[in-house]
1. Angle check, please: helix 491-507 long axis (alpha carbons) against the longest principal axis of the chain (alpha carbons), in degrees 0 to 90, nearest 10.
2. Enumerate the calculated ³J(HN,Hα) couplings along region 87-101 in order (Karplus 6.51 cos²θ - 1.76 cosθ + 1.60, θ = phi - 60°), each rounded to whole Hz, writing x wherever the residue is Gly or Pro.
3. Using the Cα gyration tensor of the chain, with a ≥ b ≥ c the square roots of its eigenvalues, what is the shape: rounded (a/c below 1.5), prolate (a/b larger than b/c) or oblate (neither)?
4. Please state the relative contact order of region 202-359 as a whole percent: Cα pairs under 8 Å, 6+ residues apart?
5. Under 5 Å between amide hydrogens, which residues at least 5 positions from Phe127 or on another chain qualify, with H placed 1.01 Å from N in the peptide plane?
6. How far apart, in nm, are the 7 Å Cα→Cβ label points at Gln469 and Leu439?
7. Over region 27-199, calculate the relative contact order: mean separation of alpha carbon pairs under 8 Å at least 6 apart, over the residue count, as a percent.
8. For Val37, list long-range residues whose amide hydrogen, built 1.01 Å from N in the peptide plane, is under 5 Å from its own amide hydrogen.
Amino acid sequence: MYEQEIGTLGNQSPRDTSPPDLPLGLALCVDLDGTLVKSDTLIDSMLVMARHRPGLLLQLPLWLMQGKAAFKRHISQSVTLDVDYLPYNRPLLEWLRVQHGAGHTIYLATASDQAIAERVADHLGIFAGVLASDGITNISGESKLTVLREKFGDRFCYIGNARPDAELLAACHSPMVANPNRALRSRLKSSGTSTTASFHDRNPTLRNWIKALRLHQWAKNSLLFVPLLLAHRWAAGAFAGAGIAFISFGFCASATYIINDLLDLEADRRHPSKRRRPFAAGELSAFSGLAAIVLLLTASFLLAVYLQPLIFRLAGNYTLRLPHAFLGWLALYTATTLVYSFFFKRKLLLDVFVLSGLYTLRILAGSAATNVAISTWLGGFSVFFFLSLAFLKRFAELEGLRERGGAISNGRGYFITDLEQLRALGTGAAYASVIIMTLYIRDPDTRLLYGHPFFLWLIIPVILLWLSQMWMLAGRGEMHVDPLVWALTSKRSLLLGLLMGIIVWLAAGGIEHFTHLF
């Protein structure tokens, strides 16, 4: 709900009341970016351009040289932003609708281009007029104040959110703010300007960043430990290398997730659940997302570059045969995920093969970070196993779309009619991975690693049950669109995972090692 916030912005003590009653002859002027809408429509439009017309990004410097107003006009003419699903400030919008119903005259006064502002005004249907940048004049700060005074004199109320709005708030009747940023709060406090109401519609930033970084997805990077675990290599240096690689891949993965979220901004806002993602919901700004991408990728590659010195510092003399091999795999992973985000993500079947390949790539990177070679059995198993999970992800998305009454496609090159084909391909790949596992168990070299290798046969029915259950739930529409989330949250999945761990422990002679301790 909306709240009055005087003490934090002015010089009085804070208290919560309703916004003041405004006289009917007073023009109520509302800013757009960051105020009525929690995001920036210009940045949103540029992200839509990056997704659908990336070639035009080369024109941005030339457009910017023509001035801010011309720059905004070029952007608005190049792409059409879907204003129906913008992250509106709900408390403010509800209050404005009440004021509109009470007979108040409301204007949208924004530095955004006229075309975008008019589409927003037409969509909401509460504005008597639009005052916006026209391709020649950028209506912001002092220029906006001049326009408002020419039209309304001193008989206007203004609602803003950023530092350029400080002068307008100081000059207007009953100044109000919506999600005010720190710069505006500081400016108002220093000038002694007291606001009469503040409309808040944002969640705590830390929680949003945790969601945006998708830390739970770091679980995928546990694949980096697979080579040394399967080879039974317990050297401290190997674990140090895998641990550093895990963090490096985690930073890189979080950066690519943010890139995905920014590129998919408009599509996510139309999705019933993805619209709650921090960037789509306007809880985090695109600028902060871009800064996070730079910081995360920098940290990721620094860890990769200094992998050998860090291993030496943490675990002593453990030398990698190819000190920069992990850096190469990380670079390939980064490049592949970026190409996936821009291109492969919407290409039939290519997206699934690339997605599954990224899992196998993690295993190869783990091998490079630990000096532990992977077997051909592990490589073959991972290819089919993760291919099955990738098909499962697409199947779950399409099944969810079908249940919601979706028309034909989920926007990734697949159609509802492809469901059964995806099921056949996914289950086939799943059972192929199990066959490879049985061949691995029969391999003579496997007996050299396990004291009681016959226990490994018990894994076969367990993993068959696990994979079959996932596909059964997906067919019923009960599978999460991200199988990893299901695997980490389902009690049955966790129980089966624990059971497989116990079986491997028994095969490795765990009971004997345990009894020797006593």
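Bear in mind these aren't lab numbers, they're just calculated from the coordinates by the rules spelled out. Not measured: the values here are computed from a predicted model. Cβ atoms come from the backbone with ideal geometry, glycine included; neighbour counts cover every protein chain shown.
1. Between helix and principal axis, roughly 30 degrees.
2. For region 87-101, the Karplus-derived couplings read x, 6, 6, 4, x, 5, 4, 4, 5, 4, 5, 5, 5, 5, x Hz, x marking Gly and Pro.
3. In terms of gyration-tensor shape, prolate.
4. Reported relative contact order: 26 percent.
5. Close amide H contacts, sequence-distant or interchain: none at all.
6. Placing both labels 7 Å beyond Cα along the Cβ direction yields 2.8 nm.
7. 25 percent
8. When sequence neighbours closer than 5 places are left aside, the close amide H contacts are Asn89.
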